[in-house]
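I have placed the structure first, in the form of structure tokens, so that the comments after it can refer back to it.
Taken together, the values in this text are just the output of simple stated rules run on the coordinates, not laboratory data. These numbers come from a predicted model, not from an experiment. Because the Cβ atoms are built from the backbone with ideal geometry, glycine has one as well, and the counts that use them run over all protein chains shown.
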Amino acid sequence: MTKNDFIEIKRIVSNAGEKLKMWSTENFHVNSKKSRTDLVTDVDYQIQEYLIEEINKSFPNSLFLAEESGLTKTPEKNEYWVIDPIDGTVNFSRGLPEHCISVAYVENKEPTIGIIYSPFMNLFYSATKNNGAYLNDKRLIPHWAKNFEDSMISLGNERGKTYKYFKALEEKVMRIRLFGTAALQIAYVASGFLDAFISIRSHPWDVAAGHLILKEAGGEIVDLDGKNVNIFQPDALYCNPNIIQDLINNVKNIQKFQ
Ligand code: IPD
Ligand code: CA
Ligand code: CA
Ligand code: CA
């Protein structure tokens, strides 16, 4: 991927954000998938279709791993796009602005382009490998908490699991937050709004773009034992390096009792 390719994919995602704003004002259906808490709207499908069509126009013969419409199997080739058309669908379905489009380009399981765009909040995060991470074209230099006691930690939503992390951490850190969108919460860590996001049963499309954006901002991504992980790891700590050891010490036993 070249610098011009990066400009092109940013243009496509930016246009998809405009479509999302427009389609959100129309009457869209909300349906449940595997369970009544697992929602999808017409707009999720429309955004995914739009992104795939536009990406294919600019990058012919692309392969995709994407949440909706049967593209959830990892392609056999080593290079593909990973798309979450709306991360935070439940928020979107209720009109909450805390949702985003997440697009990554992955080579040999490693993201080399990452874009997270929250159109209603005008937050456009982007990164390419080894070139830093940006929020609305301003380079991210996060000012993270130095101590665990001062840290802001956010959690994924997973019934029967989230409360365990909440219980283990709430009296140890400054505050706990749950925003209902994995991708945006990772981007918030990259900007220094938060010190960590704990993913619980995440899918690659939830975290691929954030993975690169956070790494490029100087963050670390490890499993509950502190080992480095890739985008296919469902339970992981997306973290400010200053507090990573304290965070591991406080959550490492949770998994064993799950
Ligand atoms: C979900 C959100 C949520 C996280 C779930 C994800 P979706 O993605 O990111 O915050 O806790 O694990 O599945 O379904 O809104 O794209
Ligand atoms: Ca979903
Ligand atoms: Ca998602
Ligand atoms: Ca989604």
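Annotations
- Given K227/K252; K109/K252; K21/K138, the pairs whose alpha carbons are separated by over 21 Å: K109/K252; K21/K138
- Rg in Å to one decimal, and Dmax rounded to a whole Å, for segment 17-170 via C-alpha atoms: 17.3, 50
- Contour minus Cα-Cα distance for E79 and R139 (0.36 nm per residue): 18.9 nm
- Normalised size of segment 148-257, defined as Cα radius of gyration per 2.2 N^0.38 Å with N residues, equals 0.92.
- 0 to 90° range, to nearest 10: angle between helix 42-58 axis and the chain longest Cα axis: 70 degrees
- Segment 37-64 and segment 186-258: distance between their alpha carbon centers, rounded to Å: 26 Å
- When +1 charges are put on Lys and Arg Cβ atoms and -1 charges on Asp and Glu Cβ atoms, the dipole computed for the chain relative to its Cα centre reaches about 460 debye.
- Here the chain is treated as a Stokes sphere of Kirkwood radius computed over C-alpha pairs; at 25 °C and 0.890 mPa s its diffusion coefficient rounds to 135 µm²/s.
- Helix 182-191 axis versus longest C-alpha principal axis of the chain: approximately 70°, rounded to the nearest ten.
- Aspartates and glutamates with Cα under 17 Å of K164, excluding same-chain neighbours fewer than 8 positions away: D223, D225, D235, D246
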